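S.K.: Dropping a structure here in structure tokens format, bear with me for questions.
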Amino acid sequence: MSQGGPGDWSPLDPTPGPPTSPNPFVHELHLSRLQRVKFCILGALLAPIRVLLAFIVLFLLWPFAWLQVAGLTEEQLQEPITGWRKTVCHNGVLGLSRLLFFLLGFLRIRVRGQRASRLQAPVLVAAPHSTFFDPIVLLPCDLPKVVSRAENLSVPVIGALLRFNQAILVSRHDPASRRRVVEEVRRRATSGGKWPQVLFFPEGTCSNKKALLKFKPGAFIAGVPVQPVLIRYPNSLDTTSWAWRGPGVLKVLWLTASQPCSIVDVEFLPVYHPTPEESRNPTLYANNVQRVMAQALGIPATECEFVGSLPVIVVGRLKVALEPQLWELRKVLRKAGLSPGHVDAGAEPGRSRMISQEEFARQLQLSDPHTVAGAFSYFQQDAKGLVDFRDVALALAALDGGRSLEELTRLAFELFAEEQVEAPGRLLYKDGFSTILHLLLGSPCPAAATLHAELCQGAPHQGLSLCQFQDFSLRDPLHGRLFSTYLRPSQKPHASSPRTPTALANGTVQAPKQKGD
């Protein structure tokens with residue numbers, strides 16, 4: 001395991017606490033002067049030709065993809081395609097896809113191990129997922145079926161290739177879509193070899209290859225054997241990684257196409273047969289396969305994941321956002337010329353008061369509609385689109401920076417603690433605790449609720465007193481330093497300061513520009 005240095009992170013400090021682990025969300029590409037000159041020359045001569053030819057081949061794929069499904073009904077597409085369509089179109093797409101990657105500079109695909117048959121392993125799981133070039137793994141896997149967003153069907157050429165692939169489609173906007181996907185994955189995986197294998201990238205998003213993100217359970221729900229597939233890019237310079245922070249899609253494409261030769265290693269590990277307990281518990285199954293793959297790769301298996309659009313890291317027993325949305329809210333309010341300390345919050349302790357976006361604008365004295373909408377979106381809304389004004393009051397108090405950490409945590413407790421039914425005094429229950437941690441640290445509410453249950457273990461009441469809450473948030477060696485770091489946005493240092501959560505998490509002194517691709 002890595003021991004510090006650029007690109008590594010220790011949640012707060014390597015002493016005391018857990019050992020250092022790489023931060024999978026950030027990719028920094030450092031080029032020497034000679035490398036910059038080389039990329040300038042090859043980027044001007046080689047990359048344009050390669051990218052142009054690759055796009056031509058991409059569009060040549062369309063007729064083969066269209067021909068395979070032309071004239072077939074939706075009912076017919078619910079079964080695997082066979083006959084001449086399968087032979088002609090499958091081989092055409094496979095050959096042109098290999099040519100496409102060859103033109104982009106991937107001159108060699110080195111395969112290790114033996115791919116299992118569809119009867120031996122109906123599901124393939126590939127990791128680490130680090131770039132949009134990773135679909136190259138489909139070639140040595142003989143174009144297995146994939147899972148993709150339904151929105152991609154409207155993308156030219158890509159949509160045709162997804163229909164050709166008979167991909168399993170999931171929609172972010174349809175709540176019932178995930179249930180149908182689970183049923184379809186189970187149906188295909190248990191078809192007795194009738195369907196080709198299904199390939200998953202269980203991390204669900206791209207990282208920088210230095211650690212495995214938490215595996216999502218979708219690939220493991222069917223409870224059938226899976227074959228892990230490792231993807232490596234053993235090149236002297238990593239131009240392919242496309243992480244949350246780092247080079248954008250165009251830069252990654254251009255730099256990779258400027259390389260004289262890129263190599264990909266695809267390794268098939270032995271088939272993983274689940275135990276009866278793993279077959280019943282997809283999360284346990286996913287975690288165990290993740291550990292097997294991480295060990296084979298020689299990198300850590302982490303609990304890091306994306307929750308919505310935010311990367312989440314693990315600090316002690318708590319999951320927190322790498323960069324809380326509270327900091328983004330500060331930028332919005334500062335841009336609008338608003339000082340949080342000049343707003344009269346007036347929230348009533350222990351009592352919820354739901355407000356609309358219009359009342360939110362009046363309370364904060366904001367007039368620009370875009371600023372209002374942007375600031376309002378940072379708070380959790382109920383089914384009617386209202387937010388709890390206590391959330392706003394606590395956020396403004398944290399952003400103001402005029403209170404000490406003890407005063408701020410006391411305010412948080414007073415706002416969300418509830419009166420006990422059978423005894424005098426007030427306690428902070430699960431919902432209030434989860435709201436505070438989600439608001440201030442970006443913690444996912446389920447993770448915060450789990451931690452609350454652990455903190456209350458053995459207590460007569462399922463709630464925390466003020467003293468217990470402050471013991472956790474101020475005096476705990478690890479979580480106390482976490483609160484101290486995250487709740488100083490008014491003194492938010494430069495990215496190079498070692499007190500920023502990004503720097504503390506990364507062990508790096510420079511925060512690269514966030515990509516917007």
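The values are calculated or read from the model by the stated rules, or taken from the named source; none is laboratory data. Being a predicted model, the structure only gives us computed values, none of them experimental. Because the Cβ atoms are built from the backbone with ideal geometry, glycine has one as well, and the counts that use them run over all protein chains shown. When the accessible area is computed, the model is the full protein with side chains, heavy atoms only, and any ligands, DNA or RNA have been set aside. Shrake-Rupley method; radii C 1.70, N 1.55, O 1.52, S 1.80 Å.
S.K.: Just subtract the alpha-carbon distance of T283 and V111 from 0.36 nm times their residue separation and send over the number in nm, one decimal.
M.R.: Details: separation 172, 0.36 × 172 = 61.92 nm, distance 2.92 nm.
Length gained, T283 through V111: 59.0 nm.
S.K.: Where a ≥ b ≥ c are the square roots of the eigenvalues of the C-alpha gyration tensor, would you call segment 234-332 rounded, which needs a/c under 1.5, or, failing that, prolate if a/b is larger than b/c, or oblate? Walk me through the numbers on the way to the answer.
M.R.: Details: a/c = 2.79, a/b = 1.08, b/c = 2.58.
Cα axes put segment 234-332 in the oblate bin.
S.K.: Next question. To the nearest 10 degrees, how steep is helix 83-103 against the longest Cα principal axis of the chain, on a 0 to 90 scale?
M.R.: Value to nearest ten degrees: 70.
S.K.: OK, next. Mean residue ellipticity at 222 nm from the helices of the chain, using -39,500 (n - 2.57) per DSSP H segment of n ≥ 4 over the full residue count, to the nearest 500 deg cm²/dmol?
M.R.: On the way: 17 runs with 205 residues, N = 517.
Result for the chain: -12500 deg cm²/dmol, rounded to the nearest 500.
S.K.: As an exercise, take the mean of 1/r over every pair of distinct alpha carbons in segment 33-302, invert it, and state the Kirkwood radius in angstroms.
M.R.: Values: mean 1/r = 0.0512 Å⁻¹.
Computed over segment 33-302, the radius equals 19.5 Å.
S.K.: By accessible area of protein heavy atoms, probe 1.4 Å, what ranking do K335, K210 get, highest first? The partial results should precede the final answer.
M.R.: Working: K335 185, K210 80 Å².
Putting K335, K210 in descending order of accessible area: K335, K210.
S.K.: Please state the Cα pair-distance histogram of segment 111-244 with 10 angstrom bins from zero: what percent is in each bin?
M.R.: Pairs per bin, as whole percents: 12, 41, 38, 9, 0.
S.K.: OK, next. Amide H neighbours of V125 under 5 Å, at least 5 residues apart or on other chains, H built in the peptide plane: list them.
M.R.: F200, Q227, V229
S.K.: When the accessible area of segment 271-428 is split by element with a 1.4 Å probe, what percent falls to carbon and sulfur? Walk me through the intermediate numbers first.
M.R.: Working: 3710 of 7850 Å².
Carbon with sulfur: 47 percent of the solvent-accessible area.
S.K.: Could you run the Karplus curve 6.51 cos²θ - 1.76 cosθ + 1.60 with θ = phi - 60° over segment 404-415 and give me ³J(HN,Hα) per residue in whole Hz, x for Gly and Pro?
M.R.: 3J(HN,Hα) across segment 404-415, in whole Hz: 6, 4, 5, 5, 5, 5, 5, 4, 4, 4, 4, 5.
S.K.: Determine Rg/Rh for the chain; Rg is computed over alpha-carbon atoms and Rh is the Kirkwood hydrodynamic estimate from the same atoms. Spell out each step's value before the answer.
M.R.: Working: Rg = 25.6 Å, Rh = 25.6 Å.
Rg/Rh: 1.00.
S.K.: What is the calculated FRET efficiency for R36 to R178, with r their C-beta to C-beta distance and R₀ = 45 Å, to the nearest 0.05?
M.R.: Working: r = 45 Å, r/R0 = 1.01.
My answer for the efficiency is 0.50.
S.K.: Please work out the Kirkwood hydrodynamic radius for segment 271-381, using every pair of different C-alpha atoms, and report it in angstroms with one decimal place.
M.R.: Details: mean 1/r = 0.0551 Å⁻¹.
Hydrodynamic radius (Kirkwood, Cα only) of segment 271-381 equals 18.1 Å.
S.K.: Tell me whether segment 151-216 comes out rounded, prolate or oblate; compute the Cα gyration tensor, take square roots of the eigenvalues as a ≥ b ≥ c, and use a/c under 1.5 as the rounded threshold. Kindly include the intermediate steps, with their values, before the conclusion.
M.R.: On the way: a/c = 1.43, a/b = 1.16, b/c = 1.24.
Rounded.
S.K.: I would also like to ask the following. Using θ = phi - 60° and the Karplus relation 6.51 cos²θ - 1.76 cosθ + 1.60, list the HN-Hα couplings for segment 374-379 in order, rounded to whole Hz, with x at every Gly or Pro.
M.R.: x, 5, 5, 5, 6, 9
S.K.: Next up: Starting from the amide H of L366, placed 1.01 Å from N in the peptide plane, find each other amide H under 5 Å away whose residue is 5 or more places distant or on another chain.
M.R.: For L366, no residues qualify.
S.K.: Under the Karplus relation 6.51 cos²θ - 1.76 cosθ + 1.60, θ = phi - 60°, what is the ordered set of whole-Hz ³J(HN,Hα) values for segment 270-280, x standing for Gly and Pro?
M.R.: Running phi through 6.51 cos²θ - 1.76 cosθ + 1.60 with θ = phi - 60° gives x, 4, 9, 9, x, 6, x, 5, 5, 5, 7 Hz.
S.K.: Here's something else I'd like to know. Over segment 325-487, with a single point scatterer placed on each C-alpha, what log10 of the ratio I(q)/I(0) does the Debye formula yield at q = 0.16 1/Å?
M.R.: -0.92
S.K.: Related question: Can you pull the percent of segment 95-136's accessible area that's carbon plus sulfur, 1.4 Å probe, other chains left in place?
M.R.: Working: 1020 of 1770 Å².
So the carbon and sulfur contribution to the accessible surface is 58 percent.
S.K.: Counting only heavy atoms of protein chains, what accessible area per residue, in Å², does the chain have with a probe of 1.4 Å?
M.R.: Values: 24190 Å² over 517 residues.
For the chain, the per-residue accessible area is 47 Å².
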